[in-house]
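First comes the structure, then the notes that go with it.
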Amino acid sequence: MPYGILGQVAPELAVTDWIDGEGQPRVPWQLADRPDTVRVIYCFQAWCPGCHSSGFPTLQALTREYTDRGVQFAVIQTVFEGHDANGEAQRRVMQRRYGLVLPFGQDDAYPRPATMTAYRTGGTPWWIVIDRQGRVIYNDFHWRLALACRTLDAALEGKSKPPQMREDTLVHDEAGQRFVLKFHDGGEGELVYRRDGQVLELVHTEVPADRRGQGLGARLLERALEAIEAQGLKVRPVCGYTRHYLQRYQRWAPLLA
């Protein structure tokens with residue numbers, strides 16, 4: 001999977017702007033304040049169609065079923081685009097629209113919300129589920145209700161077993177103007193670029209031919225773009241794959257030259 005930190009220990013939330021279920025300011029919602037519980041974090045943007053067609057209805061159903069069974073819920077607006085349309089006032093609008101008496105956080109830091117970086121989220125609607133041991137047992141897009149119930153039931157019964165996270169290894173070959181990602185499950189891929197000042201022109205991606213269609217290109221770009229962002233550089237997609245990827249995943253829009 002290109003996104004998520006499934007199986008890892010959940011990092012503490014860095015969000016400081018929160019309102020309570022009545023729309024009033026409250027202290028930050030922290031994982032450390034809720035040890036030995038199952039915690040669900042729903043990430044949304046007010047203008048996100050999928051958040052309304054799928055995400056919020058699922059959240060409504062889950063809170064009705066699991067709040068009294070000890071599951072802790074929090075909602076964060078992770079704004080990575082449309083900052084004006086997804087302002088902090090929209091949290092209260094969403095609370096009222098869906099009848100959710102839950103804490104809502106606002107995370108719209110530049111170039112990307114801290115929650116998105118820490119949990120490697122791909123956008124919205126996004127679900128994060130943390131078991132009683134503090135491990136991430138679900139970290140992905142749309143969470144269908146049947147799967148959500150199975151996930152929470154297993155977590156409450158202590159039966160959830162997230163896979164061990166095995167990291168790919170990224171190497172930046174500056175002399176060769178390329179990033180090489182050594183996949184933990186075998187083989188490697190490369191992203192070739194041309195440097196133009198502070199801009200890297202992404203000219204070619206390559207993954208093992210016998211493993212195409214398995215999401216390796218997305219894994220490669222995810223890690224390479226993280227490294228490029230950390231260096232304060234910009235990108236200009238040249239090859240078709242990088243253009244398509246950056247058009248699809250708007251979370252990387254601030255990197256575009």
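Computed from the coordinates by the stated procedures, all read-outs in this text should not be read as laboratory data. All figures in this text were calculated on a predicted structure; none of them were measured in a lab. Neighbour counts run over all protein chains shown; Cβ positions are idealised from the backbone, glycine included.
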key: Solitary cysteines of the chain, where the nearest other Cys Cβ is not under 4.7 Å   = Cys43, Cys149, Cys239
request  = Bin width 5 Å, alpha-carbon pairs only: give the P(r) of the range 102-240 as whole percents, running from 0 to the bin holding the largest distance.
outcome  = 2, 8, 15, 16, 17, 16, 11, 8, 5, 2, 0, 0
message = Suppose we keep just the DSSP beta bridges with both residues in the chain; what percent of those would be antiparallel, to 5?
response = 70 percent
ask   = Which residue, chosen from Ile137, Cys51, Gly23, occupies the Cα position most advanced towards the positive end of the dipole of the range 17-156, where the dipole is computed from +1 (Lys, Arg) and -1 (Asp, Glu) charges on Cβ about the Cα centre?
value = Ile137
query = For the range 95-109, what does the Karplus curve 6.51 cos²θ - 1.76 cosθ + 1.60, with θ = phi - 60°, yield as ³J(HN,Hα) per residue in whole Hz, taken in order and with x for Gly and Pro?
reply = 4, 5, 4, 10, x, 9, 8, 9, x, 10, x, 10, 10, 9, 6
Cα-centred dipole magnitude for the chain, charges only on beta-carbon of K, R (+1) and D, E (-1), debye, nearest 20 = 500 debye
ask   = Rounded to the nearest 5, what is the percent of antiparallel bridges among the DSSP beta bridges in the range 17-156?
value = 60 percent
key: GluC sites (Glu not before Pro) restricted to the range 170-215 and DSSP loop, no more than 16 other C-beta within 10 Å   = Glu174
message = Taking amide H atoms as placed 1.01 Å from N in the peptide plane, list the residues 5 or more away in sequence, or in a different chain, whose amide H sits under 5 Å from that of Tyr138.
response = Val129
query = Looking only at trypsin sites (Lys or Arg not before Pro) in DSSP loops with at most 13 other Cβ atoms within 10 Å, what is the longest site-free stretch of the chain?
reply = 1-143
request  = Taking the Cα centre of the range 1-120 as origin, sum charge times position over the Cβ atoms of Lys and Arg (+1) and Asp and Glu (-1), and report the length of that vector in debye to the nearest 20.
outcome  = 260 debye
remark   = Across the alpha-carbon set of the range 17-156, Rg over Rh with Rh taken as the Kirkwood radius works out to 0.92
task = May I ask for the Rg/Rh ratio of the range 169-255, computed from Cα atoms with Rh as the Kirkwood radius, given to two decimals?
result = 0.93
message = Restricting to Cα pairs below 8 Å that are 6+ residues apart, what does the relative contact order work out to for the chain? Please round to a whole percent.
response = 20 percent
key: Relative contact order of the range 169-255, pairs being alpha-carbon contacts under 8 Å that are 6 or more residues apart, as %   = 23 percent
query = Nearest 10 degrees, 0 to 90: what angle lies between the long axis of helix 56-66 and the longest principal axis of the chain (Cα atoms)?
reply = 50 degrees
request  = Sort all Cα-Cα distances of the chain into consecutive 10 angstrom bins from zero, then give the percent of pairs in each bin up to the one containing the longest distance.
outcome  = 7, 29, 32, 22, 9, 1
Among Ala74, Thr151, Gln95 - extreme Cα towards positive end, dipole of the range 17-156, charges at beta-carbon = Thr151
inquiry  = Just to be sure I understand: with springs between alpha-carbon atoms less than 10 Å apart, which residue in Gly21, Gly240, Gly122 has the highest mean-square fluctuation in the Gaussian network model of the chain?
reply    = Gly240
ask   = Per-residue ellipticity at 222 nm for the chain, helices alone: DSSP H runs ≥ 4 residues times -39500 (n - 2.57), over residue total, nearest 500 deg cm²/dmol?
value = -7500 deg cm²/dmol
